[in-house]
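The values are calculated or read from the model by the stated rules, or taken from the named source; none is laboratory data. Values in this document were obtained by computation on a predicted structure and should not be read as measured data. Here the Cβ positions follow ideal geometry from the backbone for every residue, glycine too, while neighbour counts run over all protein chains shown.
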Amino acid sequence: MKASMSIINRRQAVFCILSTSLAFHIPKVTKASQEKVFSYIEDITSGQKPIDKKISLKLPKVAEDGNQVKISFEVESPMLDDNFVESVYIFADGQRTPKVARFIFTPSMGICSITTKMRLSRSQNVYLLAVFNDGRHAISSSLVEVTNGGCEG
Amino acid sequence: MTDIKARGKVPKTATVGEIIEIKTLLKHPMHTGRVKDAEGKIIPRKVITDFRVYFNGNLIFSIEIEPSLSSNPYIVFPFKAKVSGNFEFLWLEDTGKEYKMLKSITVI
């Protein structure tokens, strides 16, 4: 290993460093996978515009282990029988299957909040879509850089 | 074969109207069917597809799960305590198997 290191010239060394850092820092999100997420969202919301609701979506900015990325969220809602969050969908646009999970809530939970762990195979955007009982919805998203990719889900 | 075990934390007692935190973990590999073992053979797909929580027989919370959720699915969720009762936690696997866990709470 040492011998081969010594014979690379400066240009190769610069290229190596640049390409590795690029590989780690630019999310390899293809347009197609992002469009897939948007089309899921459009299907669920029938193309209506999102409303303004307080959503806290917590994910690490940089995830070292893509197999276990902690995600927490809380959607502002009184969680009453006539005003509650019905579903929260999580999508990730760099996964083979961009759908991660659909959480189905009921007013008996009191608040709308979850903590769980997900897989991220590479750096990508994670989207949260909250659908309320009246059919309206709100969206939030977060970019996660993954240094050590997890499984393709 | 790894043992599949359900674990959970529910407070033993709560006051009326208190929002409690419930933690559950199912020790489960969540094999996506795309990973190979040491001998190069594909490990067959085996994933949890659904998680359901019942309180005194009523469905209070559920999740439709895709393979992008991590192995050993770990879920923390809230519940507003009103009356004493029993929780039933149910995990459904794509193979048709089910894993169940029971917990109870006393509301004072």
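Considering B:Ser71, B:Ser62, B:Ser84, which residue is of a type in the set (Gly, Ala, Ser) and under 20 Å from A:Glu74 (Cβ atoms)?
B:Ser62
Name, by its number, the condition in (1) within 11 Å of chain B (Cβ to nearest Cβ); (2) part of a strand (DSSP E or B); (3) touching a helix residue (DSSP H, G or I) at 6+ places or on another chain (Cβ under 8 Å); (4) of a type in the set (S, T, N, Q) that does not hold for A:Ser72.
Failing condition for A:Ser72: (3).
Outside any strand (DSSP E or B), surrounded by fewer than 19 Cβ atoms within 10 Å (Cβ to Cβ), out of contact with any helix residue (DSSP H, G or I) (no Cβ under 9 Å at 6 or more places or on another chain) and within 13 Å of chain A (Cβ to nearest Cβ), is that true of B:Val76?
No.
Just give me the residues in the stretch A:56-96 being among the β-branched types (Val, Ile, Thr) and surrounded by fewer than 21 Cβ atoms within 10 Å (Cβ to Cβ), in sequence order.
A:Val62
Scan the stretch A:31-55 residue by residue and report those that are surrounded by 12 or more Cβ atoms within 10 Å (Cβ to Cβ) and more than 19 Å from A:Pro98 (Cα to Cα).
A:Pro50, A:Ile51, A:Lys53, A:Ile55
Which of the following residues is modelled with pLDDT of 95 or more, within 13 Å of another protein chain (Cβ to nearest Cβ) and within 26 Å of A:Gln95 (Cα to Cα): B:Ile65, B:Ile43, B:Ile20, B:Ile60?
B:Ile65
Mind listing whichever residues of the stretch B:83-108 are more than 26 Å from A:Ile90 (Cα to Cα), out of contact with any Asp or Glu (no Cβ under 9 Å at 6 or more places or on another chain) and either within 14 Å of chain A (Cβ to nearest Cβ) or assigned to a strand (DSSP E or B) (or both)?
Residues satisfying the conditions are B:Val83, B:Gly85, B:Asn86, B:Ser104, B:Ile105, B:Thr106.
Over 10 Å from the mean Cα position of the chain (by Cα) and without any contact (Cβ under 8 Å) to a residue 60 or more places away in the chain - does that describe any residue in the stretch A:136-149?
no
Within the stretch B:95-108, track down each residue that is surrounded by 15 or more Cβ atoms within 10 Å (Cβ to Cβ) and more than 16 Å from B:Ile20 (Cβ to Cβ).
Once the filter is applied, which keeps residues that are surrounded by 15 or more Cβ atoms within 10 Å (Cβ to Cβ) and more than 16 Å from B:Ile20 (Cβ to Cβ), the stretch B:95-108 yields B:Tyr99, B:Met101.
Is one or more of the residues making up the stretch B:13-33 basic (Lys, Arg), more than 14 Å from the chain's Cα centre (by Cα) and assigned to a strand (DSSP E or B)?
Within the stretch B:13-33 (the criterion being basic (Lys, Arg), more than 14 Å from the chain's Cα centre (by Cα) and assigned to a strand (DSSP E or B)), the answer is no, since none of the residues qualifies.
Checking B:Arg52 against (1) within 19 Å of B:Ile4 (Cα to Cα); (2) of a type in the set (Lys, Arg); (3) away from chain A (no Cβ under 13 Å), which test does it fail?
(3)
Restricting to the stretch A:84-115, count the residues that are over 15 Å from B:Leu59 (Cα atoms), in a loop (DSSP other than H, G, I, E, B) and facing chain B (nearest Cβ under 7 Å).
Counting residues in the stretch A:84-115 that are over 15 Å from B:Leu59 (Cα atoms), in a loop (DSSP other than H, G, I, E, B) and facing chain B (nearest Cβ under 7 Å) gives 3.
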